[in-house]
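Here is the structure we will look at, set down as C-alpha cells.
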Amino acid sequence: MKRVLILGGGFGGIATAHRLKQRLADEVEVIMVDRRDHFMVGFRKSWALVGESPLEAGQKPLESLNRIGVDVRRATIEAIQPDEKSATIDGEKVQADALVVALGAELNTSAVPGFAEHAFNVYDPNDVPRAAKAFGDFQGGRVVIGIFGAPYKCPPAPYELAFLVNEKLKARSLKASIDVFTPQPMSLPAVGKAMSDAVERRLADDGIGFSANHKATMIEKGAVVFGEEKMPFDLLLGIAPHRPPTVVRESGLVGQSGWVDMDKRTLATSFADVYAIGDVTQIMLANGKPLPKAGLFAEQMGETVAERIASKFMGEEPSATFTGEGYCFLEVGGGKAMMIEGNFYAEPDPLARLTDATKANMDEKRSFESQRLREWFG
Ligand SMILES: Cc1cc2nc3c(=O)[nH]c(=O)nc-3n(C[C@H](O)[C@H](O)[C@H](O)COP(=O)(O)OP(=O)(O)OC[C@H]3O[C@@H](n4cnc5c(N)ncnc54)[C@H](O)[C@@H]3O)c2cc1C
C-alpha cells in the first residue's frame, strides 16, 4: 500500500488528510504528525484576547481523525530528508511514497530585542491568556498593536484586533487610544492602495491611529523604538516576525525567499513527490507581493496536493491546480465584518474587492469555523 506522510496538522495538513481518505479510502496509508494535540482556527486568539470567547471553545482533538483512518501521531518532527521522502519523528525515520510539508510559520520573538520582555505575543496561543489578563486589567492609556515583520499570517488580523480592542475599551468607558504600526508601506499591500485606503479610513473613523513604514528596531520599557523615533505604550500587543520552523530551515527546502519554494499551481517542490503547502511557503504574485498567508489558502493547497497525489497513485495524469482564489474576513466590531475576496493570481494585480461591513459576513465568519470543526472532526 502507498503511504503519504503529512508533516503538520493545521489547516493544510488536515485538509490533505481528509481529501486523501475521501479519494483513496483504505487504498492509502496516511500518517499525519503534529506536536500539538488539537486544531483551532487563528482568529480564536483575537476573540480570546478581548474576552469574547475562550480558546478552548474552538479546539478539537486531532486524534479524532483516526476515525476516518488517518494515523495521527503526536510527536516532534526533528529532521526532514526531502530526497528520501522521509522525516525523523521522535527519533524514528519514517519513509513515504509522497511527503507533504505543512508546518506553518514560527514566531521569532528574538528577532526584536525587548519583544519577549515588553510585548504580548498575540499570535501565540500560549501567550494569549496572559495578554487577555493584561487587557482585562487595563485601566486606560495607550494600546499599541505592532506588526514587527512581514510577511505575517492573515494580514487583516492586526487591524481586526484593533477594531475589537476599540469596541471593548469603549464599552468599558476607559480613556484610551489605540495605534497600529506596520513595516509595510500600507495596511494591505497584496490587494493594493485603494483597498488599503478603505481599511485605513475605517481605522481613522474609529479614532485608531495608523503608521505605515514603521519598522521597529527594538522595544524598551514603555516604548517601541524605530531608529530615532519612539512610540510610547501602556499595553503592547505584538505580532512577532515570522519564519519557517527550524526543522524546515534545516531541510534544504527553503529557497531564496527565506520560505519553501514550490510551483504555485501544482505545489510541487524541486524534490520528486515532495509538496509544500500553506504558511511555510511563499508564492509571489504578479504584482511582486507575496500571497497572503491564510488558513483558507492552506486548506485549498492541501486539497489540491491530495488530488494530485491520488491521481498519481491511480496511474492518472494529475490535473488539480491551486487557483489562488479565496477570501478572508475583517471583523470591525458591532457584530459586523468586511470580506476581502478575489483572485489573487490575476495579472497584473489581484482581482479583489472589499465588501461592506455586514452582519451577514460576520455570520459567515462564525460558520467558517463551525463548519470546519464539524466536517473535519465530526
Ligand atoms: C489572529 C489570526 C487570525 C486569523 N484569521 C484567519 C482568517 O480569518 N482566515 C484564514 O483563512 N486564516 C486566518 N488566519 C491564518 C491561519 O491561521 C493560518 O494561515 C493557517 O493556520 C495556516 O495553516 P498551515 O497548515 O499552513 O499552518 P498551521 O495551521 O500553523 O499548522 C502547522 C502545524 O505544524 C506543527 N509543527 C510545526 N513544527 C513542528 C515540528 N517540528 N514538529 C511537529 N509539529 C510541528 C504546528 O504545531 C502546527 O499545528 C489567522 C491567523 C491568526 C494568527
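The values are calculated or read from the model by the stated rules, or taken from the named source; none is laboratory data. From a predicted model like this one, the values you see are computed outputs, not experimental measurements. Methodologically, a virtual Cβ is constructed for each residue, glycine included, from the backbone with ideal geometry; neighbour enumeration extends over all protein chains shown.
A few remarks follow.
- Failed criterion for THR281 (all others in (1) free of Cβ contacts under 8 Å to residues at least 24 places away in the same chain; (2) surrounded by fewer than 23 Cβ atoms within 10 Å (Cβ to Cβ); (3) within 16 Å of the ligand (Cβ to nearest atom); (4) not charged (D, E, K, R) hold): (2)
Here's the yes/no breakdown for (1) away from the ligand (no atom under 13 Å from the Cβ); (2) assigned by TED's automatic domain parsing to the domain that holds ARG130; (3) among the polar types (S, T, N, Q):
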| site | (1), (2), (3) |
| --- | --- |
| MET40 | no, no, no |
| ARG44 | no, no, no |
| TRP47 | no, no, no |
| SER64 | yes, no, yes |
| ILE68 | yes, no, no |
| THR76 | no, no, yes |
| ILE89 | no, no, no |
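- In the stretch 215-249, residue nearest to the ligand (Cβ to nearest atom) [restricted to those that are under 22 Å from ALA176 (Cα atoms) and part of a loop (DSSP other than H, G, I, E, B)]: PHE233
- Strands (runs of 3 or more DSSP E) (entirely within the stretch 79-171) containing at least 1 residues that are surrounded by fewer than 22 Cβ atoms within 10 Å (Cβ to Cβ): 86-89, 92-95, 141-147
- Complete set of residues in the stretch 46-75 that are over 17 Å from ARG372 (Cα atoms) and either in a helix (DSSP H, G or I) or touching a Pro at 6+ places or on another chain (Cβ under 7 Å) (or both): SER46, TRP47, ALA48, LEU49
- Being touching a strand residue (DSSP E or B) at 6+ places or on another chain (Cβ under 9 Å), assigned to a loop (DSSP other than H, G, I, E, B) and under 23 Å from TYR152 (Cα atoms) is a property that GLY258 has.
- Condition check for GLY295: touching a residue at least 24 places away in the same chain (Cβ under 8 Å) and near the ligand (Cβ under 8 Å from one of its atoms): yes
- Output for the stretch 7-31, where each listed residue is within 10 Å of the ligand (Cβ to nearest atom) and assigned to a strand (DSSP E or B): LEU7
- Looking across the stretch 294-333, the residues that are among the hydroxyl-bearing types (Ser, Thr, Tyr) and over 24 Å from the mean Cα position of the chain (by Cα) come down to SER311, SER319.
- Hits in the stretch 324-344 (condition: crowded, with 19+ Cβ neighbours inside 10 Å and more than 15 Å from the ligand (Cβ to nearest atom)): GLY333
- Lone qualifier among PRO129, PRO156, PRO151 - being in contact (Cβ under 8 Å) with a residue 24 or more places away in the chain and out of contact with any strand residue (DSSP E or B) (no Cβ under 7 Å at 6 or more places or on another chain): PRO129
- Here GLY378 clears all of (1) within 20 Å of LYS153 (Cβ to Cβ); (2) in contact with a Lys or Arg (Cβ under 7 Å, 6 or more places away or on another chain) except the condition numbered (1).
- Any hit, the stretch 190-209, residues being in contact (Cβ under 8 Å) with a residue 12 or more places away in the chain, in contact with a Phe, Trp or Tyr (Cβ under 9 Å, 6 or more places away or on another chain) and closer than 30 Å to HIS38 by Cβ: yes
- Residue match in the stretch 270-277 (condition: closer than 24 Å to PHE368 by Cα, within 15 Å of the ligand (Cβ to nearest atom), part of a loop (DSSP other than H, G, I, E, B) and in contact with a strand residue (DSSP E or B) (Cβ under 8 Å, 6 or more places away or on another chain)): yes
- Near pairs, Cβ below 7 angstrom, 6+ apart or cross-chain, from the stretch 324-349 (of a type in the set (Val, Ile, Thr)) to any residue that is part of a strand (DSSP E or B): VAL332/MET338; ILE340/TYR327; ILE340/CYS328; ILE340/LEU330; ILE340/ALA352; ILE340/LEU354
- THR321 meets each of the listed conditions (1) surrounded by fewer than 19 Cβ atoms within 10 Å (Cβ to Cβ); (2) hydroxyl-bearing (Ser, Thr, Tyr); (3) outside any loop (DSSP other than H, G, I, E, B) apart from (3).
- Residue selected from the stretch 242-278 under the condition closer than 17 Å to PRO189 by Cβ and surrounded by 20 or more Cβ atoms within 10 Å (Cβ to Cβ), by the criterion farthest from the chain's Cα centre (by Cα): TRP259
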